[in-house]
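Enquirer: Provided herewith is a single structure, encoded as structure tokens, for subsequent inquiry.
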Amino acid sequence: MTNQMHQNKYKQVLVTPELAAEWLQRNPNNRDFKDNIAKNYAQLMTRGEFSQSSPIPISFDEKNNLLDGQHRLQAVIISGKSVCMTIAENVPAENFKIIDRGTKRTPGDIFKMSGIENSKICAAIIQKFLSGKKLSGKRQAGTDSSDNYRMFSMDDLLAEYKKRPDYWMHVIEFVNKSHKSFGGFLDPSLLGAWYAITSDIHEADASRYFNALTSGLGFTSEKDPVLQFRNYLVKNKETKHIKTVIASNRYALFVKSWNMFRDKKLKTLTYQPTTEQYPVLK
């Protein structure tokens, strides 16, 4: 009898702004609301990029009170867009006590809940991969775009993973193997994201570039672009300046070194953010 009472019911519903406003009135627990999260979702909805296949449904308890989904519902109101969402009804309220304690689900948490191996590093790599793909060539000179890692929703990350799960496991294997020899000069998730971005351009060249970058072997000239970029990373790490290096400038040097590597050019690797157009991977 208890199992029947607590059997969740799932359905697809086109959530209009009016329906979202009605459902938000059923939110008696008043959990912490993050305005920036709702606005990020709203931007995705406005651009038509919000995934409708979230593994976390809009959830209601046995008394029809809203348990989870307030940010997505508010985003529907902000954007003025109607969005098809999965709705779960009759969910035991005790399942969501962890939310009431203020615990935040990270992308790694969602990947783990979805049964994805190496969930934390996988989610982080894909998050930075999507950011790099979208922002490369569009950043303003001299700006730090690290905050743009947050512009992608959990749905976006999972959708990207599901396109090619075996490939992302390959990327993680490459990172685990390469990062040990690299001495921590790049965050593992950033190393994986950059490898994935360039691998999509030319897989063999990406393997050669990153094997040389992480091992420090096989260079025949001090002006080898990969060696110059490696020396740049090592220098900033050793002088403890890595946290003060503008992320977009570091990425620009990576892009330029990759382009020079593919063009087989041996010249000084520099980037002047105030005078140069932001480089694009090729």
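Enquirer: Please pick out the residue among A193, A206 that is free of Cβ contacts under 8 Å to residues at least 60 places away in the same chain, crowded, with 18+ Cβ neighbours inside 10 Å and not charged (D, E, K, R).
Expert: After applying the criteria, what remains is A206.
Enquirer: Let me ask something additional. Could you tell me whether Y209 is in contact with a helix residue (DSSP H, G or I) (Cβ under 9 Å, 6 or more places away or on another chain) and more than 19 Å from K264 (Cβ to Cβ)?
Expert: Answer is no for this residue.
Enquirer: Any idea which of (1) without any contact (Cβ under 8 Å) to a residue 60 or more places away in the chain; (2) assigned to a helix (DSSP H, G or I) is the one K223 doesn't satisfy?
Expert: For K223, the exception is condition (2).
Enquirer: Let me ask another. Being touching a Pro at 6+ places or on another chain (Cβ under 7 Å), assigned to a helix (DSSP H, G or I) and of a type in the set (S, T, N, Q) narrows it down to one residue among N211, N231, N259, N176; which is it? Walk me through how you get there before you give the answer.
Expert: Numbers: N211 fails: touching a Pro at 6+ places or on another chain (Cβ under 7 Å); N231 fails: touching a Pro at 6+ places or on another chain (Cβ under 7 Å); N176 fails: touching a Pro at 6+ places or on another chain (Cβ under 7 Å).
One residue alone meets the criteria, N259.
Enquirer: Check N30 against each of (1) on the phi < 0 side of the Ramachandran plot; (2) in a loop (DSSP other than H, G, I, E, B); (3) at pLDDT below 90 and name the one condition it does not meet.
Expert: Just one mismatch for N30, condition (1).
Enquirer: A follow-up question, please. For the list (1) in a helix (DSSP H, G or I); (2) at pLDDT 70 or above; (3) of a type outside the set (V, I, T), I need the number of the one condition that F185 fails.
Expert: F185 satisfies every listed condition except (1).
Enquirer: Right, something else. Quick one: Q25 ticks every box in (1) at pLDDT 90 or above; (2) surrounded by 15 or more Cβ atoms within 10 Å (Cβ to Cβ); (3) outside the structural domain of Y167 (by TED's automatic domain parsing) bar one, so which box is it?
Expert: (2)
The values are calculated or read from the model by the stated rules, or taken from the named source; none is laboratory data. As the structure is a prediction and not an experimental result, all values here were calculated from the model. All Cβ positions, glycine included, derive from the backbone under ideal geometry; neighbour counts span all protein chains shown.
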